[in-house]
Structures are given as structure tokens and as C-alpha cells.
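The values are calculated or read from the model by the stated rules, or taken from the named source; none is laboratory data. Just so we're clear, the structure is a prediction, and the values are computed from it rather than from any experiment. In this analysis, Cβ positions are derived from the backbone assuming ideal geometry, glycine residues included, and neighbour counts consider all displayed protein chains.
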């Protein structure tokens, strides 16, 4: 199989959340059962963000403007399945890996040690962690379906054809054709996303109102902490869980095990916890090398 | 829909007005997108910027309840700018017919001629045509009424045909076109903008874009739903959009049509089965005491003087045969007298029902898959009325607000004596049977799983009920035993009640040899055929496999698409007679040449008709010896009307042509005529209505559904994933109104009027804007209405407490879509 991709065309999307619901149903992801447990978000977007039980979310962004008076941008927020995924690069346990057949970023949740490095590495803030062990939960591309010759659940359920699944090159061609049409219709900000970003993504997007409205970074970069963490891969790759549990002295624990958001300050060579501002580790670059 | 879902792909321009089609009918998005890919343009006109508006090319806001002004302005625009499909209008509508010289509309009083103040209704004689000649009914062999003389047909006098006077030049000042044209001269663009709160440039763009479909080869499709119908002039709103389609020549064409988007699972089927109180199944009239005291009168009133409904008694008598079986004979008028007759004084509509409970006239209430404690207008009054009932039976799959009305937060259960029974009903996949989609496609739904626990299918519940009642009558006797004891109820296969037996009854068959019929053309008025629902004839007609739906047309799954128009002639069965696009004769000109060859539905070759769809006209005649003779083209494109033409003006409704009136509760005065509300509005005088004024409640509001939930939410609020996707109900308000009221996005607010008060979350959005209406700023808000106190996962206040219980005189639909409120931060 050649590389595949999911195409999301926001200009066809009616934001019905069929994909969001189908994702939950197919993957057995629960929703709250307590009475009136989900609170109002002040928006059609609900839940407000991806979470441990939500791998796909339809995003709503509204602003005055455009020929119709309002630009109401819908976007599909989920794993972008990068060609060179930072999350896989930092994953010490092999819980995340690139599926050789499809190029999708596959998940072996049972291998996850809950370090959350993937969440730090991902430029889109996609990986979520759930359960008592805080293990990884993110879109798998429905590899269990794809292996059986079916489209991912989200694609299968999409009525207006905003979601398509197939050969990546073919999806890109459709996306470019669509953007040309949208521009001809006066949607000047329309853009294809995922062709070259981060060396390419396996989710190709047509963003009718541009990247800002879609909440997408124009030039996404893998968090530089990846490079640092990558240095330790030989150490951790052997069996991260054993190392974490057994040695207790490893780099992993040293920089703050289970931190949600890490940032590498290039100038100072510090790894910073973005939540607290705390420097969790200073890297002595020369000695590490 | 005159057309169907797949046909949306053929449109050149869409107008979504009074509907939010991608949200409430998501499948429409698939076919609309296909049309857009081919270059179609999509217009959405709606009080708020909806998810459909987000997908469309052009959007215009409109003040809720002003659709007739909007469409009336479009009539005027079409006529003034010569955009009418004139050949279509002259040939296929009554534009050329001369109407009574005494017809009049008085702008000062806002009344048409014939108003009777005492009766609060019109005498419509002046709305009729001038007669050129009277043609006596032809009962000779070959004539339309030859069948009436056959043995076994009840005696009656067929009507004479009053052939109207016509002026095909459309110049006579009394012709419908001229009267119509004059009527809408008041609806100029500035006036329409002022009434509807629209921007002139945008309105002109909407008119220009949509009216371009007046070109003969172009098709425009109007999609509408409850936003159009739930007004006290809802039926006239629908007529108005139909008239646009006629003026532009869009009815009967692929990609055109008058497309009422019916909801899943089966609203179309429910309507076919006579959901309305004065209907008999198959769009016939239910007997009433005054108008139809006996069968002969029914036949004489209801039989058309010309056109296909000259056959109507055949359908009615065949239905009576199915109701009463062998007990129905010509001697006893086929059991006509056993049908319960409604008195004309008895308004048994959804609005009046609760008045009857309140006054003690109605003591018991049987509800089948309905939740009026949530869905009725002015639900506070509805539930208070319910508390006076002696008993109530709810058949539903969950405990609805109605089944638990006595648990309403404002009622005291200790003071309510109503005995409530909840019968657990099977869900859709727990029972087999016929379903009908919005495009009139009949399909078989197979049972997937057994009903949960003690739940039973509706049919099982009906059967148990029938057996019990009949048993009691047989054992103990009772009032009016004949209708019960003479009823035919034999829908059993292998001793069990069975939907396949029902299907055979709906389809129709010959009484003598039980031969399933392939067409309602074979129905007879002499009792030799039996058919519960004539329009379904042919859908279940394979005599070789009567027990296998898969081998019936209802189970057809052929994917061939003759003509490449998405007609899919061999997939399912579209009533009537597998016709995919009704009125398809109008897709070709008077000589039978298609307006657009690429969208050919029917075509006269010079010798015969070719077709991709089943012709909706007399394309050929069949002699008694079986010889088929093609009928050359004529102008009878609407042969279900006695005129066999479509009606730009009409004499059988509450208005001869749609006139703008304001909603019952309106933020402004009617500037188009001297009357604020339609004179025929129903139920305004009732004490529970408590009309609010714009001084007390200055904010106009409309109500709607969201895609995440379904109707009163009984099912969808039980689905955690849907509750998570849309957890609570909300009121959408503009940033400007929010600022005035000190409301932030997400705040809890109280929304209230004289009828009720509810607490909702506010969504402050730029998708709603204050409107400039008749020179004043009007704030318009929108509320969703899926919540109530029942349910285990998500509950909320009852938004329909606020909706006025007033409605339309034609079909009694309440005015949910436009009323007044005020709003305050809590």
C-alpha cells in the first residue's frame, strides 16, 4: 500500500459532528453518563477540546466578515499523522509507531508508560492521556478498519463528502483543485494544509477561511525538546518501562516525569515546564554530546 | 418533496428558506454538494446564520414570520423584470383564467372580498372563475364517468364541469395573472426590505440569482421545512414558495420542485396515513357530520369534475372495503356510516385538544410516539390541562415529558389524579415494516434485533388492544358496537400479526382472488377491490412472493440510473406508481419538447412519449381490446386538479393568494395592509394565550432544532455521545443585544413572556444581527427546544412554554417560529 491520507475539506463540512460521534462509537470511547455533567461551552464546539475520551473534535470559529457577513469556519481537530512524527521520535516505549503500510501513526496503548512526551512533542497538541495509568489516546486512523479495506469511521459517516480517504497523492490533487475553485469563488484565504508542513501530513486539509480561523499553525515545528529527548533514545529504547521503574535515575524522571508541556529554550539550553515556568532540567550540550 | 433527495444534484440554484437543511436533514448535504460541484449556486435565507448558511454561497437574514413579504416581493420582481417562464405559466397554470368581477382585496382593511365577520371566515364565491360553459358529466363508454354506471357502484351524480373563461394573452384585467400582478405591486423591494429587515443589495442579489432559474432550461430547487410552516399563515407560506416555482417554471423539472424536507424516521408516511385530523388516508377527506353526512354526499362533493380525481370514489370505496371487509357492501354504503364523523364545531387539532381537556370534554388521552408536554405550543397550559385527565396512555420507548407530565417542576403530583400508563414501545430497528422517506420512496425496514425487555412493536400493541376491545364488546356489548365488530382485522401470518400482511392491504388486491394490484388504475368503486392506501398501490404487488419483501418493489435494490439524473428507477418504490418527480409533464413544453434535453424526464417524439420517469399525465389510452394509443401533448400538466392546470390563485383556502400579515406577537406593525394578523388565525381568544405586546416583550424570537438532537430529545438526550456533543439548550443573541443586557457568552439567562419563563445559556454571536424593521431596530433571538425535565443524562427547561398556542386555519399548525420575549441575565 502506498501512503494514504484522510482529506478534510472544510468547505464541504456542515459541522454535523457525525465524524466526532462515529469516532467515539467505533472506538468505544465513553461520554459522561452523570446527569447534566457536561457544561455549556458557549459554543457549538463540545467538548471544548480533545480529551482522553475524545480523539476527534469539530472545531467552530466565527468572525464577522466576508461576502456573507460572517465567516464561520469549521475544522476537524485530530491527529494529523505526520510523515515524520515527533511523537514517535520521542516515544520511549514503542507505544507510538508509524504504520508501514499506511504511514499513519499507530498506537499500541499497552506499551505506553504515560510519560506524555508525545504531548509535548506534538505541534498540534493532539495526544491525550486517559485512565488510571494515563496512557496515550489519539486517532489511530482506524487502522483496524483500514486493514480490512474500509475507510476510517469518521470518513464513512460523512454525508456531504467533506471527508475522503485514499491515496495521499490523490487526496492532495483533490485538495488543490478544491482550493482553486474556492479562490475563484472569492474565498481568498483558502489554502491546502498538510502537503509540506512538517515534511507532510497524512491528513490533508482544505481550509476555506485560512489557517488562523482553523486554529492551525502556519509553520508548525516539532517542539525542540524532541531533539533533546531524542538524545536519550538509545538509553530508553531498550525498555523504557523497565528503566523508568528500575533505575529511577534516568533522564526521563530527571526532567519531570509526566509533565504535560515541555519547552526547550534554545539559548539557555533549559527544558522548561510551560505550566509552571520551572526549569526542570538544564542541558549541558557539550557533555551530552 | 415533489422531487427527491438524489434529484437535488440536478439543481442550478437552491433556495433554502424556512429550513436548515444540512443540520436537520443531513443527507441533503450530500446531494447539494454534488450540484455545487457542477456549478450550482446556493442561497440561504434564515433569521440566523445557520450551519447551512455557512455552507451556502449567499446568505440573507430575514425577520421570522415575514416569508410572504419576501416571496411576494419576488413575485413582483419576476413580473416587473420579465423573468417569468411565460410559456410555462400560460400553458400550465390558471394565469389566463378569468376570475369573478367582484373579486377584491381591500388594502385598508386587509381583507379579501367575501369576509364574514360573524363567522370569522370567508365566503369564497367571488374568488372563483367566470364560467365559459357547463359540460355535463360524460357517463358514456370512454367518458371519464363511464365507471359510475357499472353494477355495484353506489348511485351518485357526478359533477358538471364549469369550464372557465380564459384569456391566453394574459391581458384581460380580470385574468388571474393581472389580478395577481396588481396584488403584488405593493411588494416593492424597499417595502420588503423594511418588513423583513433585509439589506437591499443582498435582497436584490437573492432575487436576481434565484429568478435566473426562470430561463426555460434552468432548474431552481426550494428546500423548506418547519421554519416555513410553523406560522399562523404557514400553509400560505408554502403556497407562496410554490407560486415562485410556478412563475419560474421550476415545478416538474429535474432539479426543481417544491421540496418539503420531511424528517426521519417517517413523517412522510405519517402524513400519507392521514396524520391531520380532517384527513382520510391517501389525502382524502375524513367524513364530517355537516359536509358529508352520507357516502353519496361524500362522492358528490369530493369527486372532481375533470382530471384524475374524477376517479376518487374508487379509492375511497376500496379503502372502506379494507376497513370493513366482507361487511362492507353497496347496500350499507360500504360501511360509511360506521366511520366516526367529526362535527364541524369540533376542533380536534393539537391546539384545541388541551382546551377540551381543560374543559373536561376530553377525559382520556392516548399518545403514540408523541410528546406534547414538550412539543405542544404553550406547554405550560398543555400540562395543566393534562392534569385534569382521568387517564393517559403513552406508547413510547422512554419515559417522556408527557408520560411524566405530573413530575413537571411546576406541578404538584399530590394534586393530580390522572392515571398514567406507559407502554414500552420497540425502537425502529426492533420491528419490521414499511417506511417512506421525504422523496416518497417506500422501503422495507427489516428487524435487526428483538425488542428490549417487554417492549413491543406498535403493531403488536395495536393487535393486543384490538383483541381486548373486541373481546369486551363481544362479551359485554357496549355503545356503538358496529364499527368495532364489523371491522376487518386479519393481518396475521402463521397466527401472528405481521407487517407483511399490512403491506398487502396497503397495496390493494382484488377481493375475489386476492390478486395484488400493480396500479391504483385497477381500483374499482363496486367493492371488488380492496386497498387501504391507494397511493401506495404497486409497492407490494408481486403475487409470486407475497411473504418476501425483498422480492417486492418495496425491497427493490437495483442501481441502474436510466437517464443519469439520479432517478434510480429500480431502487425502492416512489409513490405514486414509482414516479420519482411528480408533475413531470411540465418538464417539457406544450409540444412535448423538454425544456432541457439533458434533463429529459418525458419527451414527445411526434408519435409517442419517451420517458426516463413514469409519466405524470395521460400519456396513452388503452382500449377495452388492449390496444394502446399514445395521447399527443396537451396542456394538462397538473391533472390532479380539476382544471388540470396549477393554481396561481385558489378558492379553497383561507386566502386566494398569499398576503403578508404579521406574526401574532410581532415587534412591528403591518405596513402592507390595515390588518395586523391574518383574519383567519385560530385560537387567539383563548385565555391561556395571553398575547404579549412589543412594549412588554421587545425581542422577536424563533425556535429551532440542532443536528445533535431530535425533536423533544427523548431519544437523543438518552445518547451520551450526543449529549456530550451538544450538552444543553441555549438562546442565541447578537453581540449588540448582549451588550444592551450586560450578558456575556455562556451566561445563564432568563427568557420569558406572559406564558412562561425558562433559564438557558446565552450564546453571544455575530451570526445574529439586529435588524432594521420599518425604521426601528429589532433584536431577534433564537432558541433550541430539545430539552425537558425527563431523562437520565441531560435535562433542561421547557422552551415551548413560551410559544403561543395559536395557529393556521388550514392545517392547525401552531406558530412556534415567531413570537416575542424578553431576556435578562440571572
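For the reader, a short list of remarks on this structure follows.
- Checked across the range A:38-47, the condition of being in contact (Cβ under 8 Å) with a residue 24 or more places away in the chain and either out of contact with any helix residue (DSSP H, G or I) (no Cβ under 9 Å at 6 or more places or on another chain) or more than 27 Å from residue A:195 (Cβ to Cβ) (or both) holds for at least one residue.
- The criterion of being more than 20 Å from residue B:206 (Cα to Cα) and either within 14 Å of another protein chain (Cβ to nearest Cβ) or modelled with pLDDT of 95 or more (or both) does not hold for residue B:42.
- Looking only at the range B:680-707, and only at residues there that are more than 25 Å from residue B:346 (Cβ to Cβ) and not in a loop (DSSP other than H, G, I, E, B), the one that is nearest to the other protein chains (Cβ to nearest Cβ): B:704
To keep it simple, each residue is scored yes or no on (1) touching a helix residue (DSSP H, G or I) at 6+ places or on another chain (Cβ under 6 Å); (2) part of a loop (DSSP other than H, G, I, E, B); (3) within 14 Å of another protein chain (Cβ to nearest Cβ).
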site	(1), (2), (3)
A:60	no, no, yes
A:66	no, yes, yes
A:71	no, no, yes
A:74	no, no, yes
A:80	no, yes, no
A:94	yes, yes, no
A:100	no, yes, no
A:106	yes, no, no
A:120	yes, no, no
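- The condition of being more than 24 Å from residue A:199 (Cβ to Cβ), touching a strand residue (DSSP E or B) at 6+ places or on another chain (Cβ under 9 Å) and surrounded by fewer than 17 Cβ atoms within 10 Å (Cβ to Cβ) holds for residue A:110.
- Of all residues in the range B:708-749, those satisfying the criterion of being more than 11 Å from chain A (Cβ to nearest Cβ), surrounded by fewer than 19 Cβ atoms within 10 Å (Cβ to Cβ) and either on the phi > 0 side of the Ramachandran plot or in contact with a helix residue (DSSP H, G or I) (Cβ under 7 Å, 6 or more places away or on another chain) (or both) are B:711, B:742.
- You will find that of B:590, B:532, B:505, B:586, the residue that is surrounded by fewer than 24 Cβ atoms within 10 Å (Cβ to Cβ), outside any loop (DSSP other than H, G, I, E, B) and touching a residue at least 60 places away in the same chain (Cβ under 8 Å) is B:505 and no other.
- Taken as a whole, the range A:209-218 holds at least one residue that is more than 14 Å from chain B (Cβ to nearest Cβ) and touching a helix residue (DSSP H, G or I) at 6+ places or on another chain (Cβ under 7 Å).
Matching residues to (1) touching a strand residue (DSSP E or B) at 6+ places or on another chain (Cβ under 7 Å); (2) surrounded by 16 or more Cβ atoms within 10 Å (Cβ to Cβ); (3) more than 24 Å from residue B:808 (Cα to Cα):
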| residue | (1), (2), (3) |
| --- | --- |
| B:260 | yes, yes, no |
| B:274 | yes, yes, no |
| B:290 | no, no, no |
| B:298 | no, yes, yes |
| B:325 | no, yes, yes |
| B:341 | yes, yes, no |
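- Residues that are surrounded by 20 or more Cβ atoms within 10 Å (Cβ to Cβ) and within 25 Å of residue A:120 (Cβ to Cβ) within the range A:178-203 comprise A:193, A:194, A:197, A:201, A:202, A:203, listed in sequence order.
- Those residues of the range A:149-171 which are buried (at least 18 other Cβ atoms within 10 Å of the Cβ), touching a residue at least 60 places away in the same chain (Cβ under 8 Å), farther than 17 Å from residue A:73 by Cα and under 23 Å from the mean Cα position of the chain (by Cα), in sequence order: A:152, A:153, A:154, A:155, A:157, A:158, A:164, A:165, A:168, A:171
- Selected residue (only one of B:62, B:78 is more than 14 Å from chain A (Cβ to nearest Cβ), in contact with a helix residue (DSSP H, G or I) (Cβ under 7 Å, 6 or more places away or on another chain) and within 30 Å of residue B:33 (Cα to Cα)): B:78
- Matching residues in the range B:301-357 - criterion: being under 30 Å from residue B:416 (Cβ atoms), in a helix (DSSP H, G or I) and in contact (Cβ under 8 Å) with a residue 60 or more places away in the chain: B:350, B:351, B:352, B:354, B:355
- The one condition in (1) within 13 Å of chain B (Cβ to nearest Cβ); (2) buried (at least 17 other Cβ atoms within 10 Å of the Cβ); (3) touching a strand residue (DSSP E or B) at 6+ places or on another chain (Cβ under 6 Å); (4) under 16 Å from residue A:119 (Cβ atoms) that residue A:55 fails to fulfil: (3)
- The condition of being modelled with pLDDT of 65 or more and part of a helix (DSSP H, G or I) holds for only one of A:182, A:235, A:252, A:216, that being A:182.
- Search result, residues across the range B:32-47 that are surrounded by 22 or more Cβ atoms within 10 Å (Cβ to Cβ) and touching a residue at least 40 places away in the same chain (Cβ under 8 Å): B:35, B:43, B:45, B:46, B:47
- Scanning the range A:31-51 for residues that are touching a strand residue (DSSP E or B) at 6+ places or on another chain (Cβ under 8 Å) and either within 7 Å of chain B (Cβ to nearest Cβ) or assigned to a loop (DSSP other than H, G, I, E, B) (or both) returns A:40, A:42, A:43, A:44, A:45, A:47, A:49, A:50.
- Breaking point among (1) over 21 Å from residue B:20 (Cα atoms); (2) part of a strand (DSSP E or B), for residue B:677: (2)
- So residue B:134, is it part of a strand (DSSP E or B), in contact with a helix residue (DSSP H, G or I) (Cβ under 7 Å, 6 or more places away or on another chain) and either at pLDDT 95 or above or within 14 Å of chain A (Cβ to nearest Cβ) (or both): no
- Flag for residue A:6 being within 11 Å of chain B (Cβ to nearest Cβ), more than 19 Å from residue B:764 (Cα to Cα), in contact (Cβ under 8 Å) with a residue 12 or more places away in the chain and not in a loop (DSSP other than H, G, I, E, B): no
- The set of residues in the range A:14-30 being facing chain B (nearest Cβ under 8 Å) and either in a loop (DSSP other than H, G, I, E, B) or surrounded by fewer than 21 Cβ atoms within 10 Å (Cβ to Cβ) (or both) consists of A:14, A:15, A:16, A:17, A:25, A:30.
Quick grid of which residues meet (1) free of Cβ contacts under 8 Å to residues at least 60 places away in the same chain; (2) over 29 Å from the mean Cα position of the chain (by Cα):
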site: B:149; (1), (2): yes, yes
site: B:155; (1), (2): no, yes
site: B:168; (1), (2): no, yes
site: B:180; (1), (2): no, no
site: B:191; (1), (2): no, yes
site: B:198; (1), (2): no, no
site: B:207; (1), (2): no, no
site: B:218; (1), (2): no, no
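- Filter result for residue B:422 (assigned by TED's automatic domain parsing to the domain that holds residue B:360, in contact (Cβ under 8 Å) with a residue 12 or more places away in the chain, in a loop (DSSP other than H, G, I, E, B) and surrounded by fewer than 21 Cβ atoms within 10 Å (Cβ to Cβ)): no
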